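The values are calculated or read from the model by the stated rules, or taken from the named source; none is laboratory data. All of these numbers come straight from a predicted model, not from anything done at the bench. When we count neighbours, we look across all protein chains shown, and the Cβ atoms used for this are built from the backbone with ideal geometry, even at glycine. These area figures cover heavy atoms from the full protein model, side chains too; ligands, DNA and RNA do not enter into them. Shrake-Rupley method; radii C 1.70, N 1.55, O 1.52, S 1.80 Å.
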Amino acid sequence: QGLRNHGNTCFMNAVVQCLSNTAPLAEVLALGRYRARGGRAEVTHRLAALVRALWTRDYTPQLSAEFKNIVSKHSAQFRGNAQHDALEFLLWLLDRMHEDLGAASPAQQTRHPEEEVGVPCRGGRTPWLRLGGCPHQVWHRGSRDVLAEGRLESSLTCPHCLKQSNTFDPFLCISLPIPLRQTRALNVTLVLQCERRRFVRVGLAVPLLGTVAELREMVAREGRIPPEQVILAEVSPRGFLRSLGDAEELGAAGEGAPLYAFQPPPARRAGCPRSLPASPGAAQRPPPAARSSDCLHPGAGGRILLLLCNTAGDGPRLARFGPPLVLREERGISWEQLQQSILAQLRALLRGEVRAQGAGALFRIRLAGGSAPCAYLSPQDPRPLCHPAVDRALQLSEVGGPPHVKLTVEWDVSTKERLFGNIQEEVVQDAESVRLQQQAHRQQHSCTLDECFQLYTKEEQVPAALP
């Protein structure tokens, strides 16, 4: 049943409704099963009359008005028609009921260290109870009084001497924390070395406070590959942005640009890729670029892991097309061999056969990922992958996955249209986990009261005091 609002007494009415719907207290008040201390229990008497009227449907606005007047009489802070905090009024009201019923309020009680829970007191009764291992608020009903009060046991253990100290604090009310959702949905596109399962987008529930190392483990399980082989990178519609290292916090990773996980191709025997010559009209000489042949890394050898994105256009019209690629190449290959290797990876996308032409560049190759802005590999360089900028990119490759270099292959729009047509980005198949994770994280997060208590009583590591 509703209560009439007398001015701005909505805070007061809300507290009365909560107490009236707390069954143990409502029963004691409505049936008069309490014994007040003398004639000073006006607040409790008026509250009991109001609760009784609510449950017997005999409520009139006069009853709530009288309750407000009694409250104003005993507390100057709640006089008048000003607005007040409901929790502040609840604490005052519970404390006042303790005084009316002849019990000491928690503010008047002292802390009792090393006191055992459940020790009989007050004539043999045991008023302190522990419910389910957690310090819940409990109601104590006796022939003389009713207490809305609980007590918290706090245990502190020294990590060095293991001595434990217990203290007990009475309370009228506990402000419980609400457990928040600890994960968020994140989609990751896997680029695998499997013809039947080449590109697949999976949905993951990643921890909000986790690290990239945890994400790498989750991706490895999804792709059934070793974690140390996973390369994580953000790939926007314009090309590569950055690689992710294990020490990074997840934070907003994958929100600024789609996140890709690359599986490197298996190591194979060293050798030059099969030649794919270019067509006569395709050769276009790029703008002059800094030559790297004068600063070759002495003794450079071995194989290098390359991540490639193909782009076409310039300025705001720059757009990525085709799938991102991952390949291994010898450090000492020439520009022509590197170009042929890239074309071999794109063979399935070409509209026709690319015919031979000894020299010439179909595209430009730029180092991506911010390691060296606008650093282009030179077609005139005998060994372009030995450029010092490539070494710097390898050194800046984040710890976690295998060292790699991100390259952007820039095509002229006319050449791209002639060789590839209007192809856009790769076609990616969504796994069922994408829908499930999005559905799970769209639902409103809920929790139980027990989970709130578990979070409230969770053991903490207290930082050591400074000397």
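Quick look at the values:
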read-out	value
Tally of residues being modelled with pLDDT of 90 or more and under 17 Å from the mean Cα position of the chain (by Cα) across segment 207-243	10
Single match in G32, G102 (criterion: outside any helix (DSSP H, G or I) and touching a helix residue (DSSP H, G or I) at 6+ places or on another chain (Cβ under 8 Å))	G32
Any hit, segment 8-16, residues being at pLDDT below 90, closer than 15 Å to D95 by Cα and surrounded by 14 or more Cβ atoms within 10 Å (Cβ to Cβ)	no
Count - residues of segment 230-241 that are of a type outside the set (F, W, Y) and crowded, with 20+ Cβ neighbours inside 10 Å	6
Residues that are open to solvent by 80 Å² or more (accessible area, probe 1.4 Å), of a type in the set (D, E) and part of a loop (DSSP other than H, G, I, E, B), drawn from segment 401-457	none
Filter result for A356 (buried (at least 16 other Cβ atoms within 10 Å of the Cβ), at pLDDT below 90 and not in a helix (DSSP H, G or I))	no
Subset of segment 24-70 [over 17 Å from N5 (Cβ atoms), among the aromatic types (F, W, Y) and over 49 Å from the mean Cα position of the chain (by Cα)]	Y34
Residue satisfying condition, being without any contact (Cβ under 8 Å) to a residue 40 or more places away in the chain, in contact with a helix residue (DSSP H, G or I) (Cβ under 6 Å, 6 or more places away or on another chain) and not basic (K, R), within set V71, V51	V51
Output for segment 146-192, where each listed residue is of a type in the set (G, A, S) and either closer than 30 Å to A23 by Cα or open to solvent by less than 20 Å² (accessible area, probe 1.4 Å) (or both)	A148, G150, S154, S175
Within segment 148-171, considering residues that are over 34 Å from the mean Cα position of the chain (by Cα) and assigned to a loop (DSSP other than H, G, I, E, B), the one nearest to L93 (Cα to Cα)	K163
